[in-house]
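Reviewing the structure listed below.
Read-outs throughout are calculated quantities, based only on the coordinates presented, and are distinct from any laboratory measurement. The structure displayed is predicted, hence computed values, not measured ones. Cβ sites come from the backbone with ideal geometry, for glycine too, and all protein chains shown count toward neighbours.
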Amino acid sequence: MASGHTPALTCELLAAELKNRQIDYSQLRFFGLDEWAGLAPEAKGSCARDFMERLIMPLGLQPEQYFLFNALAANLEEECRLMDRRIEAHGGLDIVLAGIGMNGHVGFNEPGTPFTHLCHVAQLEAVTTAVGVKYFDAGTAVPQQGITIGPAHLLSAGTFIIMANGEEKADVVRQAVTGAVDPAFPATMVQLHKNGFMLIDEAAGALLEEGNVMRG
Ligand code: F6R
């Protein structure tokens, strides 16, 4: 799952449903999609802090149930290989719940990332760091690199969902759904997936044709 603003309500509802309906989630394994390079897990703006506050702590997940990137690792490439092995050891990802960035990124898979990439360290585009200011305290420098689960893992997942809400996402949603599949606009990869969906609200879907939309 991604962090960021998009999945906040999803996490709240998911945690409430699992608890209220007394669903046994002891077999749940959670993988954090990405992290800002060099950020401590407890730092404001870190993805880890989002995951902890929204799902891991509310659900009381045990350390063996969740896997987050250590963005403080001395060697981030090794950290990527470690995450690759963890994902593979679990037979791949079952469900991906990702978001979409203003440049079409998914996770920190920025434009141009080959769809064959596994976990990797990404140089972030200016638009990503500019938009990223919203997660941090005023005056905090936004990291220029990220560490992310790559497209190859997302495309091998059982179900691949990209969520988006709000009118500011309408144009990137339109491009993801109707654009040519191309790493230049990473979210178009969802079109390649046999169980690929975009889960959007009315505002984010404002630029789609009715034929592209299933309401529910
Ligand atoms: C964050 C992540 C990013 C965000 C995207 C949208 O973990 O993976 O790709 O999903 O930047 O961010 P929001 O949801 O804040 O608009």
### Summary
If we ask which residues in the range 1-27 are among the acidic types (Asp, Glu) and either loosely packed, with under 11 Cβ neighbours inside 10 Å or within 11 Å of the ligand (Cβ to nearest atom) (or both), their number turns out to be 2
### Message
With the structure loaded, tell me whether Thr128 is closer than 24 Å to Phe197 by Cα, more than 16 Å from the ligand (Cβ to nearest atom), of a type outside the set (Asp, Glu) and in contact (Cβ under 8 Å) with a residue 12 or more places away in the chain or whether it fails that test.
### Response
no
### Task
Among residues belonging to the range 87-100 that are farther than 20 Å from Phe197 by Cα and outside any loop (DSSP other than H, G, I, E, B), point out the one that is farthest from the ligand (Cβ to nearest atom).
Ala89
### Candidate set: the range 101-112, residues that are more than 6 Å from the ligand (Cβ to nearest atom) and outside any strand (DSSP E or B); chosen: the one surrounded by the most Cβ atoms within 10 Å (Cβ to Cβ)
Phe108
### Query
If you take the residues in the range 152-168 that are small (Gly, Ala, Ser) and away from the ligand (no atom under 11 Å from the Cβ), which one is surrounded by the most Cβ atoms within 10 Å (Cβ to Cβ)?
Ala157
### Task
Answer yes or no: is there a residue in the range 114-123 that is surrounded by fewer than 18 Cβ atoms within 10 Å (Cβ to Cβ), outside any loop (DSSP other than H, G, I, E, B), touching a residue at least 60 places away in the same chain (Cβ under 8 Å) and away from the ligand (no atom under 12 Å from the Cβ).
yes
### Query
List pairs: first in the range 6-21 and among the hydroxyl-bearing types (Ser, Thr, Tyr), second part of a loop (DSSP other than H, G, I, E, B), Cβ under 9 Å, 6+ apart or cross-chain?
Thr6/Gly99; Thr6/Ile100; Thr6/Asn165; Thr6/Gly166; Thr10/Met1
### Query
Any idea which of (1) crowded, with 17+ Cβ neighbours inside 10 Å; (2) over 17 Å from Gly32 (Cα atoms); (3) near the ligand (Cβ under 9 Å from one of its atoms); (4) not aromatic (Phe, Trp, Tyr) is the one Val142 doesn't satisfy?
(3)
### Summary
Matching residues in the range 147-168 (more than 15 Å from the chain's Cα centre (by Cα) and either among the basic types (Lys, Arg) or part of a helix (DSSP H, G or I) (or both)) number 2
